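One structure below.
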Amino acid sequence: MGRSLVFFFLSFFLTGILPAQSKWDSSYVAADADVLVLRTYLSRKFTSLYFPSEDLRYQPNSGLNVGIGFTYQNFTLNLAFPPGFLNRSREPDFPRFLDLQGHIYPRNWVIDFFGQFYKGYRIPDGIGGGQSYLRPDLEVLKVGIHANYIFKGDKISLPAAVHQSGIQKKSAISPLLGFEIYRVQVAGDSLIFPTKLDPKQNYLQADFIQLGPNAGLIGALVLGKGFFAAGTFTGNLVVGSTWNSDSARANWNLSWGYHARAYLGYNGLRFGVNVNYVYKTLALQAVEEWTQEVQTGNYRFILVYKIHPSEKFSSTFSKYNPARIFLK
């Protein structure tokens, strides 16, 4: 969003949005929903439009965010905003945008929601080494869901790695199997591909839908004395269709993509720190004779402090906890 607009991300139902298939295996995971995890962080989200054949990438006018948040009783709330002194390279007159990414981790599941509404792109280094190429009119909309079932989900806790609301005691690895579906729209007031390159084919707007299965692995590595590394990787093969501004006919084809995330840090009983990165590449259907991808990412540096609130605070919060209210 613009500099004066607060970014907010509300993720909840972290262990309750889907019925738990099993309880945590206590020999692998020490879960404690009653620990209050306080955090402050730096983050950056982005959704880029990339043309592999030309090695050309439209980058959004996003920047670095500063945020605070907490996790308590399986409810997480994070608030962040982009301070001007950390984002001096942003284009001040570009339109505002909205980037909502929800990453939630019920037991036995990994679920990612994407709702990205970007307007205003640029090629910072220009085309052919020239001045920055600005496209305030260019819009990319992407909405979708990516879900995976963890076959050994009772032994691997992503909340321990991401929110540090639990502690992974032993290393573990498990296969993943899931499904994903996306809708992507690309549009501009002028031709999408830069006319400076004089491509043989071009378009003003296109509409994509893609869906299909995915599979991969998840792992958590305990390095000793609170240090850990965790991550997932899934590849997908999807069937998708394309409608562009020059044709009302849908073209159905197979395409591919992958989703990866990585977490590295220290998770103690009182303090924690981690760096993490979530990345998704979605190869869109070819329009005319050239290919394109939407690349989405979110990386963070997080500092954590943990406390155990009073019994009165715990019972009051439990009464009004949005996650529990939702499940009633």
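The values are calculated or read from the model by the stated rules, or taken from the named source; none is laboratory data. Computed from a predicted structure; not experimentally measured. As a convention, Cβ positions derive from the backbone with ideal geometry for all residues, glycine included, and neighbour counts pool all protein chains shown.
Taking Ser43, is it without any contact (Cβ under 8 Å) to a residue 60 or more places away in the chain and crowded, with 17+ Cβ neighbours inside 10 Å? No; evaluated as a whole, the condition is false for this residue.
Candidates in segment 129-157 are the residues that are of a type in the set (S, T, N, Q) and surrounded by fewer than 16 Cβ atoms within 10 Å (Cβ to Cβ); of these, the one that is modelled with the lowest pLDDT is Gln131. Counting just the residues of segment 47-61 that are touching a residue at least 40 places away in the same chain (Cβ under 8 Å) and not in a strand (DSSP E or B), which one comes out surrounded by the most Cβ atoms within 10 Å (Cβ to Cβ)? Checking each candidate, the answer is Asn61. For the residues Gly257, Gly240, Gly231, the requirement of being at pLDDT 90 or above, of a type outside the set (A, V, I, L, M) and part of a strand (DSSP E or B) singles out Gly231. The C-beta contact set for segment 208-229 (first residue aliphatic (A, V, I, L, M), second residue outside any strand (DSSP E or B) and surrounded by 14 or more Cβ atoms within 10 Å (Cβ to Cβ), distance under 7 angstrom, 6+ apart or interchain) comprises Ile218/Ile156; Ala220/Ile156; Ala220/Ala161; Ala220/Ser171; Leu221/Ser171; Val222/Lys169; Val222/Ser171. Of the residues making up segment 279-301, those that are more than 20 Å from Phe70 (Cβ to Cβ) and either touching a Leu at 6+ places or on another chain (Cβ under 6 Å) or buried (at least 20 other Cβ atoms within 10 Å of the Cβ) (or both) are Lys280, Leu282, Ala283, Leu284, Gln285, Val287, Gln292, Val294, Thr296. Selection of segment 72-93 for residues being within 25 Å of Gly144 (Cβ to Cβ) and either surrounded by 19 or more Cβ atoms within 10 Å (Cβ to Cβ) or in contact with a helix residue (DSSP H, G or I) (Cβ under 8 Å, 6 or more places away or on another chain) (or both) yields Asn74, Phe75, Thr76, Asn78, Ala80, Pro82. Taken over segment 17-44, the criterion of being of a type outside the set (A, V, I, L, M) and modelled with pLDDT of 90 or more is satisfied by Asp25, Ser26, Ser27, Tyr28, Arg39, Thr40, Tyr41, Ser43, Arg44.
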